């Protein structure tokens, strides 16, 4: 199971420079709405000193919310993600997932001086919408970063407070939200900075990144990850930043969305607890290597080694271990480009950690597009299934029962199998050269 190099390069090119709306990141950047973004910058600059900005999101948008909060803090603006300290799983189980951010804002003592920003690609995340409505009740200021038509979230915030990027691809929407955040920080810190110049600078950086990197490195990255899928081996993501964690999450979910296989196994090498314990007890250099060794990597696995300033010793220990064990890897970061290294230095002034997220999104989209074609994915138009009223997919037993029923009714051929994605039902055919076994989860 291997993708042609020309296909890979064309897919990356389409994600970065294709038609707006279906990837086409550059064109979407040029069309980021300016009035609500400038309005948000002015609101932040005029806010009282004790005001706080709360960012909220789910999945990839949660990572973006964390990134936004950390970036704002570095810029001298009080910021947080509500309920981070109390934990979402506890609130979700006890009170409902749709209430995690509303509860978080309550626990944070939300006031009218605070600013709440919801991040959602669809704009319909129930927990975001409930929190925004709660903030309105408290007379706090609300904004949103959205995509597509903005969904319910944009209606709550109003057009003047909604920064809706023009794209249909979830990964591109999330990239655009981080770009909006970087533009926002520049507007706050430098009154002479214009959005037009920021947009131009970013598209120039993106063009340089794509043109000056070795095309073999992109091919190596995609096909090595595809090999871990086919062989059911593992992908080790060796980085300590939000961007690295986001990259890992994109590989584990987005890259194989809709495909009825286990997908990519990318072990979490360190949690916040273990990171702090190891840094405190042994030293910061050992935080990643300890998790890597405990997972006992083999020659069948593949690794991404993120090369970032300040983490040189951390990376060196991991690289030495990978070489000793014969594990193939590719380097990503502020490094010279080669057939086994992807250079992100073009984004140094913008933010390399953002560039890691950007590359992860693009790679996830490239891989998923290849697999969707390979598995001949087709939508199944069915009436509302009973099991999809509570969740957005069926469990193994219910899926097999559904397949039997559809085959008896002549709706599903013997070679096709049912799969789900975002609450929608699809059918797929397993490719003859795919070794990966079927999975329902």
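Observations, loosely collected:
- Extreme residue, nearest to the chain's Cα centre (by Cα), among residues of region 294-320 that are at pLDDT below 95, in a loop (DSSP other than H, G, I, E, B) and surrounded by fewer than 17 Cβ atoms within 10 Å (Cβ to Cβ): 309
- Residue within region 10-29 that is under 22 Å from the mean Cα position of the chain (by Cα), on the phi > 0 side of the Ramachandran plot, surrounded by fewer than 19 Cβ atoms within 10 Å (Cβ to Cβ) and without any contact (Cβ under 8 Å) to a residue 12 or more places away in the chain present: no
- Residue in region 255-274 that is part of a helix (DSSP H, G or I) and surrounded by 21 or more Cβ atoms within 10 Å (Cβ to Cβ) present: yes
- Of note, residue 2 does not satisfy the criterion of being assigned by TED's automatic domain parsing to the domain that holds residue 114, touching a helix residue (DSSP H, G or I) at 6+ places or on another chain (Cβ under 9 Å) and touching a residue at least 24 places away in the same chain (Cβ under 8 Å).
- Residue in region 406-428 that is surrounded by 11 or more Cβ atoms within 10 Å (Cβ to Cβ), assigned to a helix (DSSP H, G or I) and over 26 Å from the mean Cα position of the chain (by Cα) present: yes
- Residues that are closer than 17 Å to residue 305 by Cα and assigned to a helix (DSSP H, G or I), drawn from region 227-239: 228
- Total residues in region 162-210 satisfying the condition of being outside any helix (DSSP H, G or I) and modelled with pLDDT of 95 or more: the figure is 4.
- Options 128, 142; residue that is touching a helix residue (DSSP H, G or I) at 6+ places or on another chain (Cβ under 8 Å) and in a helix (DSSP H, G or I): 128
- Residues located in region 49-70, provided they are more than 25 Å from residue 89 (Cβ to Cβ) and either at pLDDT 95 or above or assigned by TED's automatic domain parsing to the domain that holds residue 246 (or both): 51
- For region 53-103, a residue qualifies if it is farther than 18 Å from residue 180 by Cα, buried (at least 24 other Cβ atoms within 10 Å of the Cβ) and touching a residue at least 40 places away in the same chain (Cβ under 8 Å), and the qualifying residues are 82, 101.
- Qualifying residue in region 46-53 (condition: within 23 Å of residue 118 (Cα to Cα) and within 22 Å of the chain's Cα centre (by Cα)): yes
- The lone exception for residue 213 - which of (1) modelled with pLDDT of 95 or more; (2) farther than 17 Å from residue 44 by Cα; (3) touching a strand residue (DSSP E or B) at 6+ places or on another chain (Cβ under 7 Å) it fails: (1)
- Tally, over region 279-293, of residues that are over 19 Å from residue 242 (Cβ atoms) and surrounded by 12 or more Cβ atoms within 10 Å (Cβ to Cβ): 7
- Single unsatisfied condition, residue 236 versus (1) within 20 Å of residue 25 (Cα to Cα); (2) surrounded by 20 or more Cβ atoms within 10 Å (Cβ to Cβ): (1)
- Residue within region 150-161 that is without any contact (Cβ under 8 Å) to a residue 40 or more places away in the chain, crowded, with 18+ Cβ neighbours inside 10 Å and outside any helix (DSSP H, G or I) present: yes
The values are calculated or read from the model by the stated rules, or taken from the named source; none is laboratory data. What you see is a predicted model, and the numbers here were worked out from it, not measured in a lab. Because the Cβ atoms are built from the backbone with ideal geometry, glycine has one as well, and the counts that use them run over all protein chains shown.
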